[in-house]
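Structure provided below as structure tokens; questions to follow.
Throughout, read-outs are computed from the coordinates displayed, never taken from laboratory work. Keep in mind that what you see is a predicted model, and the values were worked out from it rather than measured. Please note: Cβ atoms are built from the backbone with ideal geometry, for glycine as well, and neighbour counts cover all protein chains shown.
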Amino acid sequence: MDVAVAVLALLVSVAALGVAIAGRRTSGGRRNRDDASSLPQDPRALRQEVAALKAESAQALRHLAVIRYDAFTDTGGQLSWSMALLDDSGSGVVLTSIQGRNESRTYAKNVAAWASETQLSPEEEDAISHARP
């Protein structure tokens, strides 16, 4: 039963993250870049389009690291984990799931510039440092 609750909590967290990312990508009134016919033909405009794509990709959560560990001495199998999802500037989120014998807990902490205002566990700090290029 506890594993089912942990899985459900993880799925809800991932769904919320997906909604946040989708909102981030659709905001700003940009045109659909999947339509090649809408791309400019002259080199200067193409350079501007490439620069805009580079700036947008810098905000993508593309730096990822997962650290698995035993949170408690009486549990085994490294069922607890911390995962960092960060963009090029080190902004994003650290998700942590702590699995105990009778319960599990899930935490999400904001990260900006490779650090968090919320106190991080050593495993969360490891996840951030492993995600950093």
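Only Cα pairs under 8 Å and at least 6 apart count here; give the relative contact order of region 46-133 as a rounded whole percent.
For region 46-133, the relative contact order is 26 percent.
To the nearest 0.05, how large is the calculated FRET efficiency for GLU49 and GLU103 if R₀ is 41 Å and r is the Cβ-Cβ distance?
The pair GLU49/GLU103 has a calculated efficiency of 0.20.
Could you tell me which GluC sites (Glu not before Pro) in region 76-133 are loop residues by DSSP with no more than 16 other beta carbons within 10 angstrom of their beta carbon?
For GluC sites (Glu not before Pro) across region 76-133 that sit outside H, G, I, E and B with at most 16 neighbouring Cβ atoms in 10 Å, the list reads GLU103, GLU117.
Something else: What does the net charge come to around LEU95 if you take all other residues with beta carbon closer than 11 Å to its beta carbon, with K and R at +1 and D and E at -1?
Residues near LEU95 contribute 0 overall.
Then there's this: Any idea how far apart HIS130 and LEU64 come out in nm if each label point goes 7 Å out from Cα toward Cβ?
Using points 7 Å along Cα→Cβ, the separation is 1.3 nm.
Among HIS63, HIS130, which comes first, second and so on when ranked by fewest other beta-carbon atoms within 10 Å?
HIS130, HIS63
Can you list the HN-Hα couplings for region 91-101, worked out from phi with the Karplus curve (6.51, -1.76, 1.60; θ = phi - 60°), rounded to whole Hz and with x for Gly and Pro?
Taking θ as phi minus 60°, the curve returns 9, x, 8, 10, 9, 9, 10, 9, 9, x, 5 Hz for region 91-101.
Whose amide H sits under 5 Å from the amide H of SER91, counting only residues 5 or more places off or on another chain, with H placed in the peptide plane?
ALA113, TRP114
Something else about it: When Lys and Arg each count +1 and Asp and Glu each count -1, what net charge do the other residues less than 15 Å away from SER121, Cβ to Cβ, add up to?
Local net charge: -3.
Tell me, what is the FRET efficiency for THR73 and ASN110 to the nearest 0.05, using R0 = 41 angstrom and their Cβ-Cβ distance as r?
According to the calculation, E is roughly 0.85.
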